[in-house]
Amino acid sequence: MSLIGLAPLVDVGTLAYNGVTFNSLFKSKVTGRAIKDAAVRTTKYVEWTIEVEGCVTLDTGKLTIDDQMTTIKFLLNQQAGILTYSGRGLGNVVVNQTNGLLRDVAWGPKPEVLDFTPLGGSRSALVHWTVTTALPVNPRQIVPAAGTASPQTAPVIQFNEETSVSYDDDCYSTISIKGTLEIPMTRDAVNDRAAGDTVDSFRQKFMTSILTNFDLRYFRIIRRTFNVSRDRRTMEWEFLAEELPPMGLPGWATSARGRFTCRPFQPGAAIVQWVCSLTATYTIRSDQTRRNAWFAFISLLQFRIAQSEFGYYPDAVAANNQNQNPPNPIKLPSFGGIGAFFGNLIGFTGGLGVSASAFYKQKQAQLKQNIKNQKAIPYYFGIDEGLYLDSKTVTFEASWWLFTAFSHILLATGIWKPVNGDLQGGQLWANTVQDIMGWRGPLANDEIAQQDIIVDLGGGS
């Protein structure tokens, strides 16, 4: 049975879609539109629109064309069918053929218009139908079927980016890089409801290359956004990075903020006794133990207190203080006492990664070896733990008495100095967070869950 009906003339070439073959009573018009990429640098594909108009004639043994038109309108309105257009000047175009080389790249072919006018008392009809298909510029380009594409083998329709740099009032910079990643996709068959591959499976390969634009010794990525379109073909992505301040961040911390203060113990003509306080709040990457925050703080605290050996506490000042008989005379500590204090604080390592534990213990050992004349006494320590939704952060604070003349206050407090070897010029932090600053975070969110299906109401099986 011929759905379109018989025609007296022999047709040259073939025009068919989804099982409906048009005869010589139909004429067609083809319009091509080059679709540019987001950068307008190239044509990513050509959108071909085929407009068909002609007559459906009564099939043998039938009284009306009702049965024919019912089947025709069903088949011609289904998306992603096999489209054949040959012998009409466009070349031998066969789209979405099983095991074929040429496939639509945008979930097509897509039927757009189907209308008809009954003729001769329902014994024929004038049909007008339009279909659009998106094809590669070079017809010989191989486009894998949906579900067979992979980041290693499938072509990419477009990958481009735009960059902007802004400066705040302190002249610290913020860099934004955003762009588009698009892949070809269509159904394996008209009745296939599987959504197939997704552009998100390409994220690792292409976003890793973006990470090389940032030197994590000097920048911290503060936002990464990956928006996948509903047809799963296109991803709009963005990276936003801010310049790190001079001190940078400790290892394994995604965020760390703090404050150090130093003030006179009491007003006086000769200020030699000081109160120093250190407070810091840490957020550790979610796949690492939060005890890394503890070791980062203790390492910084010990280093700052250890700098008191560079203080100047002359014997004349000490004797003068002794003659005044202060109510609570303070004896300058030996490093042995301070070492015992920090030994108790930093001694336990349960639950901490071996590399982190070894690193901080090494710093402690170096300080013990180098410090000979400590001029500080710790007297206060506190913890402020965030709970529940605030449990990402923990705050530590500590205070100590410092003994030094004003002339050596900068040396004795250790301000502006990073923990010796702790930051390594920012390289330690870069090494400990590099794997979560690119295409994924600490959790296994390397690919967006694929749960949707193609729903055709009343169409297909």
If a residue has to be part of a loop (DSSP other than H, G, I, E, B) and acidic (Asp, Glu) to count, how many in region 234-291 make the cut? 1
Among the residues in region 210-220, are any surrounded by fewer than 15 Cβ atoms within 10 Å (Cβ to Cβ), among the charged types (D, E, K, R) and under 21 Å from residue 392 (Cα atoms)? no
The one condition in (1) modelled with pLDDT under 95; (2) outside any loop (DSSP other than H, G, I, E, B); (3) touching a Leu at 6+ places or on another chain (Cβ under 7 Å) that residue 208 fails to fulfil: (3)
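Would you check if residue 73 is more than 23 Å from residue 33 (Cβ to Cβ) and touching a residue at least 24 places away in the same chain (Cβ under 8 Å)?
Values: more than 23 Å from residue 33 (Cβ to Cβ): yes; touching a residue at least 24 places away in the same chain (Cβ under 8 Å): yes.
Answer is yes for this residue.
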Scan region 89-117 for residues that are touching a residue at least 24 places away in the same chain (Cβ under 8 Å), surrounded by 15 or more Cβ atoms within 10 Å (Cβ to Cβ) and within 18 Å of residue 13 (Cβ to Cβ) and jot them down. 90, 93, 95, 102, 109
Checked region 24-67 for anything among the aliphatic types (A, V, I, L, M) and either touching a helix residue (DSSP H, G or I) at 6+ places or on another chain (Cβ under 7 Å) or not in a strand (DSSP E or B) (or both); matches are 25, 38, 39, 40, 56, 58, 63, 65
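Each row is one residue, and each column tells you yes or no for (1) modelled with pLDDT of 90 or more; (2) part of a helix (DSSP H, G or I).
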{"site": "383", "(1), (2)": "yes, no"}
{"site": "394", "(1), (2)": "yes, no"}
{"site": "398", "(1), (2)": "yes, no"}
{"site": "402", "(1), (2)": "yes, no"}
{"site": "409", "(1), (2)": "yes, yes"}
{"site": "442", "(1), (2)": "no, no"}
{"site": "445", "(1), (2)": "no, no"}
{"site": "456", "(1), (2)": "no, no"}
{"site": "460", "(1), (2)": "no, no"}
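The values are calculated or read from the model by the stated rules, or taken from the named source; none is laboratory data. In this text the structure is predicted, and so the values were computed from the model without any measurement. Glycine also receives a Cβ, built like all others from the backbone with ideal geometry; neighbour counts cover every protein chain displayed.
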